[in-house]
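The values are calculated or read from the model by the stated rules, or taken from the named source; none is laboratory data. This structure is a prediction, so every number in the text was calculated from the model and none was measured. Reconstructed Cβ throughout: ideal geometry from the backbone, glycine too, with neighbour counts over all protein chains shown. Protein only, heavy atoms only, side chains kept; ligands, DNA and RNA dropped before computing areas. Shrake-Rupley method; radii C 1.70, N 1.55, O 1.52, S 1.80 Å.
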Amino acid sequence: MTSVHFLQRSPSKLTLSYAHNKKYFSTEIVKPLQRLIVAMLKTKKDQYLLDFLKNYFTFTLVNKYIFVWFMSNFLSNLYQLKNDGKKALAVLIDPDQSEESVLNIAHHCQANSVDFVFVGGSLTTAGILSEAIKNIKKNYFGKIYIFPGNEFMIDNNADGILFLSLLSGRNPEYLIGKQLVAAPLLAASNLEIIPTAYLLIDGGKETSVSYISNTKPIPSDKSDIAIATALAGKMLGMQCVYMDAGSGALNPIPEKMISSVMKSVNLPLIIGGGIRNIDTATKAFSSGADLIVIGNGAEDDRSIIEQISAVRDSFSVKIEF
Ligand code: 1GP
């Protein structure tokens, strides 16, 4: 049982205090909502405002910690789905393909209620990225997140960015170098930043990420290494884990590795690379993926989006007695 209690106002910040299971907590309210609240304070009584706030927060109990998220936040959406026993699907759109193809894939994403569109690639430039996001928005009305291949892939027209650190590799440029170049630009942007532990897993062939980052993927039979790497990411404060066999992988990430990471690391788990049919999508979801990402499969055959959306929905069916 959660109830919002009161707002404390100080010159520089607003703090929301609330109760959950008879314990009291407080959290600072982020700037965009602050502006909204100030506008509301001018017109409404505080009680109305508190009721309004309840609709904007979601309170999630994970282990002993309470997470407070805004409803529209990427991670809150994933936690909410996880709590409800649901799964999510993202389609990765490569901005380098033709405008017609980008528009068409975006249309299919909208038609099948794809949860998120990821946009990015290893070699994309800022101009091409920007153009692709504009085109995606013409046909897709959900959230668009940048999946960056380099520090130049920042565009305010997206909703957010996966702030990746390639933890499976030992190349400092992809662990922290590119991130620090991007950080001041991101701080000045409106993008939602999602701190993500990014693990490349061997998918049976050398991928663009592996080649360009000059890093080796984690062997697909070494679940213990994947667990240790994801745990280290969690301890460093990263808020979700993306295990990727790489674009166009021959073999998707094995179920055993997905399930062992899911059991050992209590964070939202994103799985991608080589998922291109109902069978591989079902296996990834069943073994513990919260969100799966499809790229090449959707590029080659649009009907894959519909088929895998149906797989996602099949995990959401609740039997009522
Ligand atoms: C790659 O996980 C994505 O980063 C998608 O991979 O293109 O193989 O679906 P595919």
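Of all the criteria given as (1) outside any loop (DSSP other than H, G, I, E, B); (2) more than 15 Å from the ligand (Cβ to nearest atom); (3) farther than 14 Å from L200 by Cα, the one not satisfied by G288 is (1). For region 269-277, the criterion of being within 11 Å of the ligand (Cβ to nearest atom) and basic (K, R) is met by at least one residue.
Check whether at least one residue in region 264-276 is closer than 25 Å to G121 by Cα, part of a helix (DSSP H, G or I) and in contact (Cβ under 8 Å) with a residue 12 or more places away in the chain, and report yes or no. Looking through region 264-276, none of the residues is closer than 25 Å to G121 by Cα, part of a helix (DSSP H, G or I) and in contact (Cβ under 8 Å) with a residue 12 or more places away in the chain. Checking the structure you have, find out if any residue of region 256-263 is open to solvent by 20 Å² or more (accessible area, probe 1.4 Å), within 16 Å of the ligand (Cβ to nearest atom) and assigned to a helix (DSSP H, G or I). Within region 256-263, not a single residue is open to solvent by 20 Å² or more (accessible area, probe 1.4 Å), within 16 Å of the ligand (Cβ to nearest atom) and assigned to a helix (DSSP H, G or I). All of A230, A197, A249 fail the test of being assigned to a loop (DSSP other than H, G, I, E, B) and open to solvent by less than 20 Å² (accessible area, probe 1.4 Å), apart from A249.
Checking E306, E299 one by one, the residue that is open to solvent by 50 Å² or more (accessible area, probe 1.4 Å), within 8 Å of the ligand (Cβ to nearest atom) and charged (D, E, K, R) is E299 and no other.
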